[in-house]
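Chemist: What follows is a single structure, and I will ask about it in a moment.
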Amino acid sequence: MFGTVRRLRRTAGTIATVAVVALTANACGGQESTAGGSGRSEIHIGAWLPLSGAVAAYGVPQKAGADAYFKMLNANGGINGRKIRWTVKDNAFDPQQTVQIARELVGQDKVVAIVNANGTAQAEAAFPFVLQQSKVPILDEAGGSESWYKPPRAGLFGTQTLYEDQAAAIAAWAVQDGARKILVVHSDPAAFVNVAKQVEPVAKKVDPSVQVDRLAVKFQTTDYTPVISKVKAAKPQAVIVILTSPEAAAFMKEAKLQGLSLPTYAYAPVAAESTISLAKDAAEGLKAVQLVKSPSDPDPSVKEFRTAMAEYEPGQTAGLLALGGWSNAKVFAEIAKSIKGPVTSETIIAAYQKASAVDPGVSPVMHFSPTDHLGTRSVQRVVVKNGVWTPLGDFYTPPVRD
């Protein structure tokens, strides 16, 4: 009898050990989980977006565009039979709030990737927990800096041309248009300052005689009366604005009120429908770079976007920011389709490293590799004509910065 009891105890111990090993394997993210994360019937991903606060004008349309794509994708069977579950939480563009959201998405919701989120400082605050501790990839983030990709960080892959390269593009554009004295008006946080600093070396590379000055403005300033007075006193031949969309609109409205008319250039965050709706006719003639095609483009890929927005997000504008969200969602889906077997954080990272040519149709072709985690450096010139962002030519690669 005692021998039988010992055998039963050994058997129970073996079963318990196997159970612990199985649970540990699932907790490490290397296996699919039907209890959370990506199961056999779905792929669970997440994002943080500014859906409230001063820059909700970015997050709301970005979410609408990605929502439209994922809903269309799911209606057509998903990715290799798995539906996408995209859990989005409002970070109000706050870094600390983003860290808490990251812990919820990874620790509680068990997402296998952060996809199409928004914010440079916000993502950086979450890097230690998401990328380093949890080994969960952050993909197609709207934002970023050169330090993110040189050298490439494990699990971090981007689809947005660096802000630094956007600054290079508009700097060269302004000089090519004849400006020899340029004033860069920028918000005062470090991320904006860094972008603004990229203008002078590129401008001087095009023409060494160019003079470039900078004017810092307190972030989220609403009264641009003293700012425009300082611009007028500086007597530039062109202005480059590195501001958020609402700030750029406030700048242009006040410039019009004070009778200041100068060629004005901006980077991609300003090239949004919200800039025009806020600045109205004061935005006419504003030049900028963009990362996606015009939403009115006859291209079949853009037409598909417009159709999906009308069907799945009927209350939202099918504009540039929505198209950017759509593009990011599509890049993720196209790469995820290449995964054979379980869709985990590890297999997603491996798939991105092998994605040498991903064509979203609405934006430049993305090229990734184990040593290059940024999909593109290309931009497109746009200008406000008759109250609409209008493209000037095709996508091109900005000048190489030293």
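The values are calculated or read from the model by the stated rules, or taken from the named source; none is laboratory data. Computed from a predicted structure; not experimentally measured. Every residue, glycine as well, gets a Cβ built from its backbone with ideal geometry; the counts of neighbours run over all protein chains shown.
Chemist: Can you confirm whether the range 311-319 contains a residue that is under 30 Å from ARG40 (Cβ atoms), at pLDDT 95 or above and either of a type in the set (A, V, I, L, M) or part of a loop (DSSP other than H, G, I, E, B) (or both)?
Modeler: Yes, the range 311-319 contains a residue that is under 30 Å from ARG40 (Cβ atoms), at pLDDT 95 or above and either of a type in the set (A, V, I, L, M) or part of a loop (DSSP other than H, G, I, E, B) (or both).
Chemist: Something else about it: Might you check whether a residue that is more than 15 Å from VAL239 (Cβ to Cβ) and touching an Asp or Glu at 6+ places or on another chain (Cβ under 6 Å) occurs anywhere in the range 173-193?
Modeler: no
Chemist: So how many residues does the range 366-382 have that are assigned to a loop (DSSP other than H, G, I, E, B) and touching a strand residue (DSSP E or B) at 6+ places or on another chain (Cβ under 7 Å)? Even if it seems obvious, please write down each step before you answer.
Modeler: At the first step, the residues of the range 366-382 found to be assigned to a loop (DSSP other than H, G, I, E, B) are 367-368, 370-371, 373, 375-378.
With touching a strand residue (DSSP E or B) at 6+ places or on another chain (Cβ under 7 Å) added as a condition, the list becomes 368, 371, 373, 375-376, 378.
Total meeting the criteria: 6.
Chemist: Now, a different point. Give the residues of the range 365-402 that are among the charged types (D, E, K, R) and in contact with a Lys or Arg (Cβ under 8 Å, 6 or more places away or on another chain), sorted by residue number.
Modeler: Within the range 365-402, ARG381, ASP402 meet the criteria.
Chemist: Condition check: assigned to a helix (DSSP H, G or I) and surrounded by fewer than 24 Cβ atoms within 10 Å (Cβ to Cβ). Does LEU131 satisfy that?
Modeler: Here the answer is yes, as LEU131 does meet what is asked.
Chemist: Now, a different point. Going through ALA64, ALA121 one at a time, which residue ends up being in contact (Cβ under 8 Å) with a residue 12 or more places away in the chain, surrounded by fewer than 17 Cβ atoms within 10 Å (Cβ to Cβ) and either part of a helix (DSSP H, G or I) or in the same structural domain as ALA271 (by TED's automatic domain parsing) (or both)?
Modeler: Answer to the check: ALA121.
Chemist: Given ILE43, ILE114, ILE138, ILE101, which one is of a type outside the set (Lys, Arg), at pLDDT 95 or above and farther than 21 Å from GLN353 by Cβ? Before you say what the answer is, go through the steps one by one.
Modeler: Working: ILE43 fails: farther than 21 Å from GLN353 by Cβ; ILE114 fails: farther than 21 Å from GLN353 by Cβ; ILE138 fails: farther than 21 Å from GLN353 by Cβ.
So the residue among ILE43, ILE114, ILE138, ILE101 that is of a type outside the set (Lys, Arg), at pLDDT 95 or above and farther than 21 Å from GLN353 by Cβ is ILE101.
Chemist: Quick one: count up the residues across the range 270-310 that are in a helix (DSSP H, G or I) and of a type in the set (Gly, Ala, Ser).
Modeler: Taking the range 270-310 as the starting set, the residues that turn out to be in a helix (DSSP H, G or I) are 270, 273-283, 300-310.
Subsequent filtering for residues that are of a type in the set (Gly, Ala, Ser) retains 274, 277, 279, 282-283, 301, 308, 310.
Looking only at that region, the number is 8.
Chemist: Kindly establish whether GLU104 is surrounded by fewer than 24 Cβ atoms within 10 Å (Cβ to Cβ), out of contact with any Phe, Trp or Tyr (no Cβ under 6 Å at 6 or more places or on another chain) and within 15 Å of GLY375 (Cα to Cα).
Modeler: So GLU104 fails the test.
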